[in-house]
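Notes follow once the structure below has been shown.
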Amino acid sequence: MEQNLDNQQRLKAIIETAIDGIITIDARGNIETVNPAAARIFGYQPEEMIGNNVKMLMPEPDHSQHDGYIENYHRTGVGKIIGIGREVTGLKKDGTRFPFLLSISEVKLKDKQIFTGIVHDISTLKKAEDALRESENKINSIIQAAVDGIITIDSYGIMEMINPSAARLFGYEIDELIGKSINMLMPEPDKSRHDGYIHNYETTGRERIIGIGREVTGLKKDGTTFPFFLSVSEVKTQGKRIYTGFVHDITQQKLNEERLRRYAAELERSNLELQDFAYVSSHDLQEPLRKIQAFGDRLQHKERESLSEQGKDYVDRMLNAANRMQNLINDLLSFSRLTTQSKPFVPTDLDQVLSEVISDLEITIEQTHAEIIRSPLPTIEAEPTQMRQLFQNLISNAIKFRKENENPVINIYAKHHQKKAHLTATPGDEITEIYIEDNGIGFDEKYLDRIFNIFQRLEGQKYEGSGIGLAICRKIAIRHGGDITANSQPGVGTRFIITLALKQPKQEQTPAL
């Protein structure tokens, strides 16, 4: 007797502490016992459930149909769930629904028939399954919609999955590729060697492309080839190796690179020819010019007294013309050497460069009573000498082309610009705009294209100069990843806008001629 009592207490303790819910009902479906877990799962107190029909825990349509289930079982002995178990939906006290796994057993006592239901809440499991399913759907959607091709193969090189982009790149339908060897997408010699590549990797662990990526050539269905960048990753799952290849078509990129290479080669050849022409021509012009100057000087100093007044005027005008030609030749030489004798780019404080230029022009500034208004300028990668030349030319021009009876006022400031949002990594993504504004004589903007061309002068002989200064400024700006333009009105003044890249690409030093 004591042993039976002990067993009953032990069984009750097990039921009371069970994680899963345990509910017993009679033959009419009325709840007789409920363990704490079942009450907690459905959101009731045990006394709220005992004595009520178990259908209170069911949403429609099971709520209305449950009595019929029991009657049918009593009449036919065929159960829908008894002894089988299945996933069903429960109804909590607060009206929410949740999934649970229900298994029912039948016990026939001497005087009555009872059913015991074990309730295993699978809400968390279902949420995890739904989340996994959603994640899988997202991944599949990403793969299917990806612009780049994605192909998975097994350790024998057999294609297991191909996304639409990959099939389109190679000119096939997806079902033409599934189950076939990946080497059908390769021209020779890779086609014949690919199986060996996989075998070598799996036996030695030495990869040719896995985890690295490289440019390769693909073979389309129509027999044509195309370049693409291939990166391959390896995944080990369930004792099996799967390789995933990401195919990025670089046909247009390679064509652009080749066009650019040929254009650069042609441009370099053309520039060298022009530089040679300018350099040689300038040197060849020096000798006859020196003779003109030398004999002109002799006439002026040794034969001047024997010359008529008209002859003296001719000699003076001849020497003036020779001097102007000498300056033109020197400026032409400077222009031709601007690129060939350039130095590497280094971090350059434009504020410091401007201060040095203003210091060099101190006497001119004082003589013309010029006022320089300046704001902070950035530090950029540049050639300091060319930056000094750029500022000196533009500030000197602003002073030179001042209005009569009005002191020149020159305003210098900068603005930072980012060409495209979020892009800062490549040289040229970020630029600075340097503004140099004056209150000088200005010019008609219909002549804007002319002022930056070599030897172009809008004011004729009224102002000294060869007309090369602004051409040099443009060449410097272009070399530094930018350009130069201007806004102007006659009699109002001019604003020069110089764009310069903050960072410059690494480049080799070009040897001087």
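Within a 10 angstrom radius of the beta carbon, how do 375, 308, 181 rank from fewest other beta carbons to most? Display every interim value, and only then the final one.
Values: 375 11, 308 8, 181 16.
Fewest-to-most Cβ neighbours within 10 Å comes out as 308, 375, 181.
For segment 162-170, just list the computed ³J(HN,Hα) in residue order, Karplus coefficients 6.51, -1.76 and 1.60, θ = phi - 60°, integers in Hz, with x standing in for Gly and Pro.
9, 7, x, 5, 5, 4, 5, 4, 8
Can you work out ³J(HN,Hα) from phi for every residue in segment 480-494, in order, using Karplus 6.51 cos²θ - 1.76 cosθ + 1.60 and θ = phi - 60°, giving whole Hz and x for Gly and Pro?
Going residue by residue, I get 9, x, x, 6, 9, 9, 8, 10, 7, 9, x, x, 10, x, 9 Hz, with x marking Gly and Pro.
What residues qualify as long-range amide H neighbours of residue 482, i.e. H under 5 Å apart, gap of 5 or more or another chain, H built at 1.01 Å from N?
501
What residues qualify as long-range amide H neighbours of residue 377, i.e. H under 5 Å apart, gap of 5 or more or another chain, H built at 1.01 Å from N?
Answer set, sorted by chain and number: 351.
What's the Kirkwood radius of segment 2-126 in Å, using all Cα pairs? Provide the component values of the computation, followed by the final result.
Numbers: mean 1/r = 0.0658 Å⁻¹.
Evaluated on segment 2-126, it is 15.2 Å.
Taking θ as phi - 60°, what are the ³J(HN,Hα) couplings along segment 57-65 by the Karplus curve (6.51, -1.76, 1.60), each to the nearest whole Hz, with x for Gly and Pro?
Here the 3J(HN,Hα) series is 9, 10, x, 5, x, 4, 4, 7, 9 Hz.
For residue 383, what residues show an amide H to amide H distance below 5 Å, using hydrogens built from the backbone and excluding near sequence neighbours?
Here the answer is 346, since their amide H atoms fall under 5 Å of that of residue 383.
State the extension gain, in nm to one decimal, for the chain segment bounded by residue 148 and residue 132, taking 0.36 nm per residue of separation less the distance between their alpha-carbons.
Contour length minus Cα-Cα distance gives 3.3 nm.
Give me the percent of Cα-Cα pairs in segment 87-206 that sit more than 25 Å apart, rounded to a whole number.
Values: 4049 of 7140 pairs.
The answer is 57 percent, as a whole percent.
Over the Cα atoms of segment 343-513, how large are the radius of gyration and the largest Cα-Cα distance (Dmax), in Å?
Just the Cα atoms of segment 343-513 yield Rg and Dmax of 16.3, 50 Å.
Give the span of segment 140-189's Cα atoms along each principal axis, as three whole-Å numbers ordered largest to smallest.
32, 21, 17
Laboratory data are not the source of any read-out in this text; all were calculated from the coordinates shown. Predicted, not measured: the structure shown is a model, and the values here were computed from it. Note that each Cβ is placed from the backbone with ideal geometry, even for glycine, and that neighbours are counted across all protein chains shown.
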